[in-house]
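See structure below.
Just so you know, all these numbers are worked out from the coordinates, no wet-lab data involved. Note that the structure is predicted; figures quoted are calculated from it, not measured. Cβ placement follows ideal geometry from the backbone for every residue including glycine, while neighbour counts extend to all protein chains displayed.
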Amino acid sequence: MPNFNLKYNNDNISIDANINQYIAKLELLNEPCHLKHAPEYMNIKIPLAVDYLCQYLGFNKSHNTTESIRIPICKECLKGLYDKNWVLVYCITCNSSQWIWKPNTFIEFNTDVIWLDKCPKCKEEK
């Protein structure tokens, strides 16, 4: 597939990238947020996703990423990612997530998202 570039105000804008971004937004229609909002027993209504949380995973010998994940997230979770009082812990094996309120912990976090290969729940299942 050819990669067409448009010249606008001295910036290169890839048509393919814009189309892919538009398609991704369309895929979000009626898609629920995939992050944890409350304990499972609370049975709350999950809000609809408005954007994606994306992460590249793995590196090969040439230091290129080998995989990427794209997680639908709602407006509330998006705000949480930008709030310096919250850190998100996400397990890429079972897709579970947990929000941690930084002021209540004794650990100093230097990140907004902690990506786990396996969470304690995954390790117990083996």
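Could you work out the local net charge near residue 87, counting Lys and Arg as +1, Asp and Glu as -1, over the other residues with Cβ closer than 11 Å to its Cβ?
On the way: positive: 84, 102; negative: 83, 108, 112.
Taking every other residue near residue 87 into account, the sum is -1.
So between residue 26 and residue 64, what do we pick up on full extension, going 0.36 nm a residue minus the alpha carbon distance?
10.8 nm is the gain from fully extending residue 26 to residue 64.
For each pair in 36/123; 36/102; 79/123; 25/84; 79/102; 45/102, compute the distance between the two Cα atoms and list the pairs where it is over 21 Å.
79/123; 25/84; 45/102
Going from the alpha-carbon gyration tensor of region 51-115, what semi-axes, largest first and in whole Å, does one get by taking the root of 5 times each eigenvalue?
Ellipsoid semi-axes (Å, largest first): 24, 15, 11.
Pull out the extension gain between residue 93 and residue 115, defined as 0.36 nm times the separation in residues minus the alpha carbon to alpha carbon distance; nm, one decimal.
Additional length available on full extension: 6.9 nm.
Counting only residues 5 or more places away or on other chains, whose amide H sits under 5 Å from the amide H of residue 116 once H atoms are built in the peptide plane?
Here 90, 91, 92 satisfy the definition.
Mind listing which GluC sites (Glu not before Pro) in region 30-126 are in a DSSP loop and have 12 or fewer other Cβ atoms within 10 Å?
108
Using the number of other C-beta atoms within 10 angstrom as an exposure proxy, rank 36, 75 with the fewest first.
75, 36
Pop out the ³J(HN,Hα) list for region 81-92 in order, Karplus 6.51 cos²θ - 1.76 cosθ + 1.60 with θ = phi - 60°, rounded to Hz; leave Gly and Pro as x.
5, 8, 7, 5, 8, 10, 10, 9, 10, 10, 9, 7
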